[in-house]
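The next block holds one structure in the form of structure tokens; read it before the comments.
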Amino acid sequence: MKLKLSSELAWLIGFWKMRRARKGIGVFGEQEVQERFVQEVLKMKLVPPEKLYAEGKEVWFRHVKLENFFERVANNQTDIFNRPNKLTASYLKGMYESAGEGPAIRKASFKDKMLIERLGFFTRKVKLKDGKLGLFINKFNDFLSLINRFG
């Protein structure tokens, strides 16, 4: 299987990155989050349905080559997604749809902050309604325009 980063795969990696399961390539969260992840994985034909596993609030699959690819993309996100194009917009859209809350993204890392700021959006850490930290994006409407125009 030859892997090439497409906008669909970039979206999935962004979605996965913000809600990683403890096992394999997967996400944790409510049923809607799990269903969205499974739907995208099956639509892209990354693994057959019988290779998907679920336990509690997690759903995942195991595939060493894909796992390495996902990790490599997530770890090098500031180098890969450095221009406002379709790939970058899809990745950011996946991140936002996974962990976005209004004009903020919860559990965003310093690398996420750098990525968003390199694209021209100033950010700051804020406390969200539940008391946890999130990354507030200034000019949020412009950010939404970017991720919806391409993504």
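For this structure, a couple of remarks:
- Hypothetical label at N76: residues of the stretch 83-98 whose amide nitrogen lies under 19 Å (7 Å Cα-Cβ projection): 83-92
- Residue-by-residue Karplus 3J(HN,Hα) for the stretch 20-34, coefficients 6.51, -1.76, 1.60, Hz, glycine and proline x: 4, 7, 6, 10, x, 9, x, 10, 10, x, 5, 4, 4, 5, 4
- The chain, helix-only ellipticity at 222 nm - DSSP H runs n ≥ 4, -39,500 (n - 2.57), divided by all residues, nearest 500: -15000 deg cm²/dmol
- Computed from backbone phi with θ = phi - 60° and the Karplus coefficients 6.51, -1.76 and 1.60, the 3J(HN,Hα) list for the stretch 82-87 is 10, 10, x, 10, 4, 4 Hz; x is used for glycine and proline.
- For the stretch 49-57, backbone phi angles converted through the Karplus equation (6.51, -1.76, 1.60; θ = phi - 60°) give residue-by-residue couplings of x, 6, 8, 8, 10, 9, 7, x, 9 Hz, Gly and Pro being listed as x.
- Cα gyration tensor shape for the stretch 64-151, rounded if a/c is under 1.5, else prolate or oblate: oblate
- Ascending count of other beta-carbon atoms within 10 Å, so fewest first, for V38, V64, V73: V64, V38, V73
- Ranking of M95, M18 by neighbouring Cβ atoms within 10 Å, starting from the fewest: M18, M95.
- Interatomic Cα distance distribution for the chain, bins of 10 angstrom, percent: 11, 43, 34, 11, 0
- Close amide H contacts of H63 (hydrogens built in the peptide plane, cut-off under 5 Å, sequence separation of 5 or more or a different chain): I25.
- When R19, R118 are arranged by Cβ crowding within 10 Å, least crowded first, meaning fewest neighbours, the order is R118, R19.
- Model label points for V64 and D142, set 7 angstrom from Cα along the Cα-to-Cβ axis, are 4.6 nm apart.
Values in this text are rule-based calculations from the coordinates and carry no lab data. Small disclaimer: the values here were computed from a predicted structure and weren't measured. Here Cβ is always computed from backbone atoms with ideal geometry, including for glycine, and neighbour counts include all displayed protein chains.
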